[in-house]
Every structure is written in C-alpha cells, then in structure tokens.
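What follows is a single structure, written as structure tokens, with notes after it.
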Amino acid sequence: MNLFSLKMRASNSNTGHLSGAEKIVNKHELHTYTNALLHRALHHSKGAADEITMKVEPVQLSDIQLLEALPVKTVEVANHYEGIEEVKKLLLQLGLQQAEEIIEMLSSCSSMRGAILLDVDTMKRLEPDQERGIRATYMDANRSHFQEDLTKKNHFQEALVLATKVAHAPNVIGEICISDDPDYVTGYVASKEFGYVRITKLKQKGSHLGGRIFLYRHSESGVNETIAYLEKQKIVVDLGLSKRLNEAKQQDKWRKIKSDLASLQENHLYRSFNEIQTAQEAHVKMHDREYVMLASNSYLNLCNHPGVKSYALQMGEAYGIGSGGSRLTTGTTTLHRLLEEMIAEFKETEAALVFNTGYMANVGVISSLLSEGDVIFSDELNHASIIDGCRLSKAKTVVYKHNDMNDLEEKILAHSCENGLIVSDAVFSMDGDVVNLPELMRLANQYGLFSMIDEAHSTGVLGERGRGVCKHFQLTQKPDIIMGTLSKALGGEGGFVCGDKLLIEYLKNKARSFIFSTSLSPVTSASAIEALRLIMNDDTQVTKLQENIAYFNECLQAHGISARSNSAIFPIIVGSEQAALDASAKLFDHGYFISAIRYPTVAKGSARLRVSLMADHSKKELSEAAKLIKKYIGNV
C-alpha cells in the first residue's frame, strides 16, 4: 500500500503561527486531505493564513507503530481556576511536587510551535532549540472507526492521538497541554498512569495563551532517544472512537449542560427567578418586603383591575377554565370571537386572530407567510420571536441597521425578490425607541413588500387611547400585518394579529403555532375583553401613563442621565454585566425593583437597567428613582 505523511503548517504575518495538522493517508486520499487542510488554514478563527507549508513524504507500512489510545476521562469544572487545581492534583499523582512551577512554565510556551521537554527532577529545559521546542509528528488516527469532517479541526481527536504518542515515548511520564485556540478552553493532562484526562476549562474564552510540556524523567543521556521517538517515529492510534465517546457520555450525559450553566455563572449571565407575592401593580411584595415595581410590562395596571377580575370570574362560571381543544376543533368559544372582533375594532382593521402568546404569533405569522426563496428585511434589534420566525421560515433574512431607513433601502435594492417582508418592533423592548413607521411604510409600498409591525410594547401606550404606533404617527394607512400582545398593557396573556380578512383566513389555515395548540382559556379571553373595553371607553389610565413618561424624561434629564424615551421603556446603559447587576441590587436595597438586562437579551458590553413605567406610579416615586439611578451609575 502506498502511504504518505501529509503535514500542514499555516502562519500569518500579523499573528504568527495559526494552525498545524498532519495525516497519514493512502494515495487515493492524498488529494482530498490536502484540500481539506488548505481549507482549514485559510478559514482559521485567528484569520486567514498568508503562508502555508504542505509537506508530503512516503511512508512504509512496516515503519508504522500501532498504539491503543489512552483511556479517556473528562473532569467538569466551573472555571479555569478550578481547572488548574485539577492539573495540580494529577501532577501530584505523578509524584511531582513542583506543580505551581510547572504550570507557570506553560505561559512561556505560547510563542513556540513545539513543546517544552522538561526534566521534572531538575526543572531544566532539555530542548536543543528552545525557541522551536519539540514537535511530536508523524501520527494519525485509525479512521476505520469514525467519519470525520475534513475541513474542521477535531480538537479532541487530534489531542488524543498526540497525547497517546507522547505517553509512549521513552522517558516521558506525562504531558500537560492548553490549546492556543482562543475559542477552545478545554485542555488535558495525559499519562500512561491515569490516561487522558480532559479538563473542561483551563483558560478564559478568548485567551490566546496556550502551551504544551512533555514531562521527562531520566538522565540527560536519554534525551536524544526521546526526541527521536517524538519527532521521527510514525504511529497510528486506534481510537475505537465511537465506543470511547459512548463510554464518556455514559459517565455523565449532563456534562455539557453542567458546563454551560457554570460558564453562565462565571460570566455573570446566570438567571434566576424573583418570586412576587402579590398582583403585578405599581407596588409589589417580594421576600415579605414592599417594592416600587419599575420592571413590569403591566403598563396600565389592568392585571388586578376589579372590573377585569370580576368579568373574568363571571365568564369562568359560564364557560369553565379551559377551552378543551385547538381553535379548529373544539377550542373556539363565543368569547374568542368577541375578543377578536374587539381587537380588530380597537386597531381599526378588518379582522384579527388571537394566538396563545406574542411569541407564537410572530413565529406563526412569519413562518407561514414566507418560505425559501423569499426575503425578510429585519431590524437588528428585533425581538427574539421575530428572529426565530425568520429562521423557521427558511427565507433569506437580511438584517438592517437599527431603525436606519437609508440602510434598509440599500439592503432592499441589493436583495430583489418576488415575495418579501419588512418586519420591525414598533417599540423596541430593550431600547424603548419607536420605529420610523412612516418611512418603513413608504419603502414597503415603493418596493412592493409586505410590512409587519410588532406592537407588543406600543399597544395601550402610544397614540390616542393607546391604539398604538399608527395613531402615534397619525397614519391613515396601516401596515399589512399588525401583531400585538394581550400580556403587556392589557394585563393578561396571549398574542394577536390584525389585518385584512384575507390575511386572517390564511393564518387560520397555515400558521402552525395557531393550528396545533389548545386555545386560550375562556377566563383569559374574558379578562382581555374587559381590559380592552376599559381603555376604549375611558382613556384615564393611558393619559396617566403618557404623563408619567413625559415626567420621567424630565427627571432623568434633571439628573444628567441621557436616556430618553417616547414609550414606557427607559434603557439606562451601564456597560458591563456585573456593573448592571450591582446597580440593580443597590436599587433593590432601596425598595425599587429595576431589572438588570444582560447578554444574550442585549449585546455583550451593553448591559443596562431597564425601567418600565406604569400609569399608577406617583411623581414622587419616579423622581426618587431617577435620583437613586444617578447615585449608583452616574452619568450614562
């Protein structure tokens, strides 16, 4: 059999060494693997290589040593500090007392292409060329056990092959390795004594630090033999990969989930519940203490309104608490019809359709109206439900700069389509600003695109009687699709879509999140009916909310805080996740419930306090809140 050793080394003039890889392949595989390694070099996470060296050498089958892979064990750790402690324990198993000194030496390896060969008894480096280090080469895995993606680096597989070779080298008692790949934080300690021990975190993500140390124990007379084996002996490692991975998974199938949760905690992104002991009003009780609620979406305080509760109880007696089925089977009651008629009247459209949540409304509408070959133009700060609807539709999604109509038009011109949609939040849920609806509508009309607006945070807040963003801009023409929720200003739960009867009939028959779900409870439907009736007949709560919005703008301005909003949402950008959490905690101490919003809800580095106003907040409470925010975050 004609065999070849194939080696690739890639570097970049700015970042230095990028990537290295090697295979032992037969003649028929040579072309395929050469192309794959070139692709890897040109698409590295550190950037594209501008110098690539490929080396091909013939190999005799008789020269290859077959090794069984070291047994694998994975140690889950919460952070890299815990990981280093695990390394120390393993070094102690090898009888090495100088663990701190050995680990410190890893930081000096980052610029080396090879490894340190360290005499563990004298702590002397034994590489003939200490800038180059020792390179373990001429090795590969037995590929009969697995399928591999040739263009991607398999960190685990390649590390196990190398670790197995190093462990079998004469006079080497073990190895420590941390990858210099900034996206790969797992490292290992390997030895014949305890096998290949993967440690899930040995550095922080994004760090370019990394290195490798071969732990040598013998007189210096054996150094040449050791180096010759590492750099010249050709080996193939029998991974038995599928069996080993199954064994590893059986050890703890939850290991990735545990690791992800630990990472969230380490990066101040872990979330937990705040349990509230009262109705969602301007004042709530939590942990047996009263707080001013400045984080709720219940903008009009209707969730605990006596009239809403009374009507819901009354209809619960008449219809029961459950709907009994999906809307197209047994789940449509008279209350569902009345609610949809009232929503259409409120929004001044021909018809409406109620969904169980706002999320389900967005996902259902977008994924049923658009499909592969269509184009969706979506604001970069749109809600996750819009983003997920775009993904499910399989249409091409073109993201335009936030509320930037010039960029939107440029994107439309660059992506022509027969069927397209412009979709945007009306009020952006984490930023509180309002869509430039007149311009968005003009572009949709000019280029023959559907227009869709998510009015979750504008319904009950903007415009005359809280009718929404169209009234805010005093537009007579409506977007083609108006989506909204019953769970914010209306104080209940559910979502809805308004528009022409043609649209609604289509969604009844096509929107999967509508068709395949038990309908809203009659009690929930009744509460939404009464909430709508209240604001349609009496604008007192809407007026109070709009007055509070204007007043809180004045309060923030008086304290030198630059946040401005036309909606009930005020984003006060802090920056770091920890700073936002600290400020929120201080405000809680003063009895003000103001949430810290962090990644992934908002972009990294733009963590914020999100203040949400209600109609029933007093001016004194709003003034005091602004003063405390100023105290704990300063000028922002």
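Annotation: of all residues in segment 205-230 being at pLDDT below 95 and touching a Lys or Arg at 6+ places or on another chain (Cβ under 9 Å), the one that is farthest from Gln157 (Cα to Cα) is Glu220. All conditions in (1) closer than 25 Å to His43 by Cα; (2) surrounded by fewer than 21 Cβ atoms within 10 Å (Cβ to Cβ) hold for Val185, with the sole exception of (2).
In this structure, is Leu581 part of a helix (DSSP H, G or I), in contact (Cβ under 8 Å) with a residue 60 or more places away in the chain and surrounded by fewer than 19 Cβ atoms within 10 Å (Cβ to Cβ)? Steps first, please.
Values: part of a helix (DSSP H, G or I): yes; in contact (Cβ under 8 Å) with a residue 60 or more places away in the chain: yes; surrounded by fewer than 19 Cβ atoms within 10 Å (Cβ to Cβ): yes.
So Leu581 fits the description; yes.
Comparison of Asp374, Asp379 shows that the only residue that is among the acidic types (Asp, Glu), farther than 17 Å from Gly492 by Cα and under 24 Å from the mean Cα position of the chain (by Cα) is Asp379.
Conditions (1) under 30 Å from Leu264 (Cα atoms); (2) at pLDDT 90 or above; (3) out of contact with any helix residue (DSSP H, G or I) (no Cβ under 7 Å at 6 or more places or on another chain), marked per residue:
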{"site": "Ile84", "(1), (2), (3)": "yes, yes, no"}
{"site": "Lys88", "(1), (2), (3)": "yes, yes, no"}
{"site": "Leu92", "(1), (2), (3)": "no, yes, no"}
{"site": "Glu100", "(1), (2), (3)": "yes, no, yes"}
{"site": "Leu126", "(1), (2), (3)": "no, yes, no"}
{"site": "Tyr138", "(1), (2), (3)": "no, yes, no"}
{"site": "Arg143", "(1), (2), (3)": "no, no, yes"}
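Take segment 263-293 and flag every residue that is of a type in the set (Asp, Glu), surrounded by 15 or more Cβ atoms within 10 Å (Cβ to Cβ) and modelled with pLDDT of 85 or more.
Of the residues in segment 263-293, the ones of a type in the set (Asp, Glu) are 266, 275, 281, 288, 290.
With the extra rule that they be surrounded by 15 or more Cβ atoms within 10 Å (Cβ to Cβ), the set shrinks to 266, 281.
Matches in segment 263-293: Glu281 only.
Restricting the search to strands (runs of 3 or more DSSP E) fully inside segment 46-136 and requiring at least 3 residues that are within 30 Å of Asn35 (Cα to Cα) gives 51-59, 64-68.
For segment 546-571, a tally of residues being modelled with pLDDT under 95, aliphatic (A, V, I, L, M) and closer than 23 Å to Lys604 by Cβ returns 2.
Tell me, yes or no, whether segment 460-478 has at least one residue that is in contact with a His (Cβ under 7 Å, 6 or more places away or on another chain), without any contact (Cβ under 8 Å) to a residue 60 or more places away in the chain, assigned by TED's automatic domain parsing to the domain that holds Lys347 and not in a loop (DSSP other than H, G, I, E, B). It would help to see each step written out before you state the result.
So the first thing to find is which residues in segment 460-478 are in contact with a His (Cβ under 7 Å, 6 or more places away or on another chain), and the list is 462-463.
So of that shortlist, the ones also without any contact (Cβ under 8 Å) to a residue 60 or more places away in the chain come out as 463.
Then drop every residue that is not assigned by TED's automatic domain parsing to the domain that holds Lys347, which leaves 463.
Filter again for not in a loop (DSSP other than H, G, I, E, B), leaving none.
No: zero hits.
Considering Phe346, Phe377, the condition of being touching a helix residue (DSSP H, G or I) at 6+ places or on another chain (Cβ under 8 Å), closer than 18 Å to Ile482 by Cβ and either in a strand (DSSP E or B) or not assigned by TED's automatic domain parsing to the domain that holds Lys501 (or both) is satisfied by Phe377 alone.
Does any residue of segment 513-520 turn out to be assigned to a helix (DSSP H, G or I) and among the polar types (S, T, N, Q)?
Taking segment 513-520 as the starting set, the residues that turn out to be assigned to a helix (DSSP H, G or I) are 513-515.
Of the ones still in play, those that are also among the polar types (S, T, N, Q) are 513.
Within segment 513-520, one or more residues are assigned to a helix (DSSP H, G or I) and among the polar types (S, T, N, Q).
Within segment 401-415, can one find any residue that is assigned by TED's automatic domain parsing to the domain that holds Leu369 and closer than 24 Å to Gln546 by Cα? Yes, segment 401-415 has at least one match. Evaluation of Glu493 against the conditions (1) more than 14 Å from Ala344 (Cβ to Cβ); (2) part of a strand (DSSP E or B) shows that the sole unmet condition is (2).
Residue by residue, here is whether (1) surrounded by fewer than 16 Cβ atoms within 10 Å (Cβ to Cβ); (2) in a loop (DSSP other than H, G, I, E, B) holds:
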| site | (1), (2) |
| --- | --- |
| Glu418 | yes, yes |
| Leu421 | no, no |
| Ser424 | no, no |
| Met430 | no, yes |
| Ser451 | no, no |
| Ser487 | no, yes |
| Val497 | no, no |
| Asn509 | yes, no |
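Return yes or no: is Gly320 touching a Ser or Thr at 6+ places or on another chain (Cβ under 8 Å), in contact (Cβ under 8 Å) with a residue 60 or more places away in the chain and surrounded by fewer than 21 Cβ atoms within 10 Å (Cβ to Cβ)?
no
Looking only at residues that are among the small types (Gly, Ala, Ser) and assigned to a strand (DSSP E or B) in segment 586-636, which one is farthest from Ser576 (Cα to Cα)? Before you say what the answer is, go through the steps one by one.
Narrowing segment 586-636 to residues among the small types (Gly, Ala, Ser): 591, 595-596, 603, 605-607, 612, 615, 618, 623, 625-626, 634.
Restricting the remaining residues to those that are assigned to a strand (DSSP E or B) gives 595-596, 607, 612.
Details: Ser595: 14, Ala596: 10, Ala607: 6, Ser612: 21 Å.
Looking at residues that are among the small types (Gly, Ala, Ser) and assigned to a strand (DSSP E or B), I get Ser612.
Only one of the listed residues (Val189, Val166) is at pLDDT 90 or above, within 16 Å of Val120 (Cα to Cα) and not in a strand (DSSP E or B). That residue is Val166.
The values are calculated or read from the model by the stated rules, or taken from the named source; none is laboratory data. The shown structure was predicted, so the numbers you read here are calculated from the model rather than taken from an experiment. We place every Cβ from the backbone using ideal geometry, glycine too, and count neighbours over all the protein chains shown.
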